[in-house]
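The values are calculated or read from the model by the stated rules, or taken from the named source; none is laboratory data. Just so we're clear, the structure is a prediction, and the values are computed from it rather than from any experiment. No Cβ is skipped: glycine too gets one built from the backbone with ideal geometry, and neighbour counts run over all protein chains shown. Note: accessible area is taken over every heavy atom of the protein model, side chains too, but ligands, DNA and RNA are not part of it. Shrake-Rupley method; radii C 1.70, N 1.55, O 1.52, S 1.80 Å.
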Amino acid sequence: MASLRRVKVLLALNLLAVAGFVLFLAKCRPIAVKTGDSFHEVHPRAEVANLTAHGGISPLQDAVLKRLSLLEDIVYRQLNGLSKSLGLIEGYGGRGKGGLPATLSPEEEEKAKGPHEKYGYNSYLSEKISLDRSIPDYRPTKCKELKYAKDLPQISIIFIFVNEALSVILRSVHSAVNHTPAHLLKEIILVDDNSDEEELKAPLEEYVNKRYPGLVKVVRNQKREGLIRARIEGWKAATGQVTGFFDAHVEFTAGWAEPVLSRIQENRKRVILPSIDNIKQDNFEVQRYENSAHGYSWELWCMYISPPKDWWDAGDPSLPIRTPAMIGCSFVVNRKFFGEIGLLDPGMDVYGGENIEL
């Protein structure tokens with residue numbers, strides 16, 4: 001803790017000094033961030049080196065950028081040490097980069113069998129995949145071209161879990177922070193529905209408190225409440241104008257939040273279901289799902305269905321799709337409006353119950 005405080009003080013003092021230099025700069029050339037068609041990565045130090053090599057910045061700007069780069073290295077080493085102590089990895093590269101299938105060696109495959117059976121997915125492999133890995137951006141081209149207002153409502157992202165693998169929970173958190181604009185992300189709330197796993201107690205809480213101080217809250221149920229009541233507990237703790245409810249094994253893409261929040265800003269009575277692709281349980285490959293609505297089979301199982309005819313006739317894949325049903329693992333709603341309609345019914349606490357209720 002003392003070491004962390006020293007780093008914070010050093011960082012604050014140096015940032016003040018750098019800010020003083022920046023105030024005297026008439027104009028700073030921005031560092032370009034190149035975005036690929038499928039996924040993007042940001043390498044600020046590489047861009048700074050490139051600018052310096054080509055004479056694109058003044059000596060004073062070069063000194064400031066090098067100072068910032070040094071500070072970034074100090075802070076990153078401190079924060080990255082938190083994940084290393086848990087046996088986890090940060091950064092945009094590594095196995096599964098770009099949403100591609102991740103693999104294990106034959107020796108690792110043997111070690112993965114037990115955890116795989118326990119969690120229903122390859123949790124051993126998950127620990128070998130970075131918490132920040134890049135994933136494909138499957139949005140239609142027109143979606144990427146749309147512009148949104150700056151004053152969108154803030155969102156509280158709520159993850160619920162019980163005995164989930166720690167690496168999967170933290171990847172959900174990192175992904176939400178990395179791909180939600182900072183001014184739109186009010187907080188992330190982790191609702192633990194009375195897990196038994198020791199790593200989900202003090203290690204989880206210590207990590208998020210140090211890695212994302214003030215941003216991530218942990219809510220602990222004193223007994224197993226179930227899916228619906230756990231979501232309600234997250235809603236009670238939320239302070240954002242909008243609440244987003246997600247299972248704790250998801251990854252977000254760039255640009256997911258703006259269209260969702262814009263639709264709710266237009267009409268506070270809308271319940272928005274973000275489009276969901278698939279993360280394969282064996283190798284964490286991201287698999288694209290086509291645009292769809294949600295409906296029911298005759299046995300009342302929720303299922304993907306083709307969008308209605310008027311959506312197809314419009315010929316615009318960026319348009320929202322009206323749907324007769326919802327899926328409970330991913331929905332966003334105005335917080336006060338959700339309270340006005342009575343939240344979710346605790347009596348519907350069965351798998352898929354919320355799909356029918358709303």
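A few comments on the model shown:
- For N291 and N163, the difference between the fully extended length at 0.36 nm per residue and the C-alpha to C-alpha distance is 42.9 nm.
- For the peptides 202-211, 314-323, residues were scored by their other Cβ atoms within 10 Å and the scores averaged per peptide; the highest-first order is 202-211, 314-323.
- Simple spin-label estimate for W298 and R224 in nanometres, 7 Å along Cα-Cβ: 3.5 nm
- Once the 1.4 Å probe is applied to the protein heavy atoms, the range 141-341 comes out at 49 Å² accessible per residue.
- In this structure, the amide hydrogen of M303, modeled 1.01 Å from its nitrogen in the peptide plane, lies closer than 5 angstrom to those of G295, Y296, S297, counting only residues at least 5 positions away or on a different chain.
- Among the protein heavy atoms of the range 141-341, carbon and sulfur supply 51% of the accessible surface, probe 1.4 Å, non-protein parts ignored.
- Shape class of the range 141-341 from the alpha-carbon gyration tensor: prolate, with a/c at 1.5 or above and a/b greater than b/c.
- DSSP-defined antiparallel bridges as percent of all bridges, the range 159-299, nearest 5: 15 percent
- Scattering from the range 80-203 was approximated by placing one identical point on each alpha carbon and applying the Debye formula without solvent; log10 I(q)/I(0) at 0.11 1/Å stands at -0.48.
- Residues whose placed amide H lies under 5 Å from that of V219, excluding near-sequence neighbours: L190, V191, D192
- Couplings 3J(HN,Hα) for the range 331-340, derived from phi with the Karplus relation 6.51 cos²θ - 1.76 cosθ + 1.60 (θ = phi - 60°), are 8, 10, 8, 4, 4, 5, 4, 4, x, 5 Hz, where x marks Gly and Pro.
- Taken over the range 166-222, the alpha-carbon convex hull comes to 78 cubic angstrom per residue.
- Net charge of neighbours whose Cβ lies under 12 Å from the Cβ of I89, counting Lys and Arg as +1 and Asp and Glu as -1: +3
- Between K113 and R67, the contour length at 0.36 nm per residue exceeds the Cα-Cα span by 11.9 nm.
- Label point 7 Å beyond Cα of A314 along Cβ direction - residues of the range 138-156 with amide nitrogen under 20 Å: 138-149
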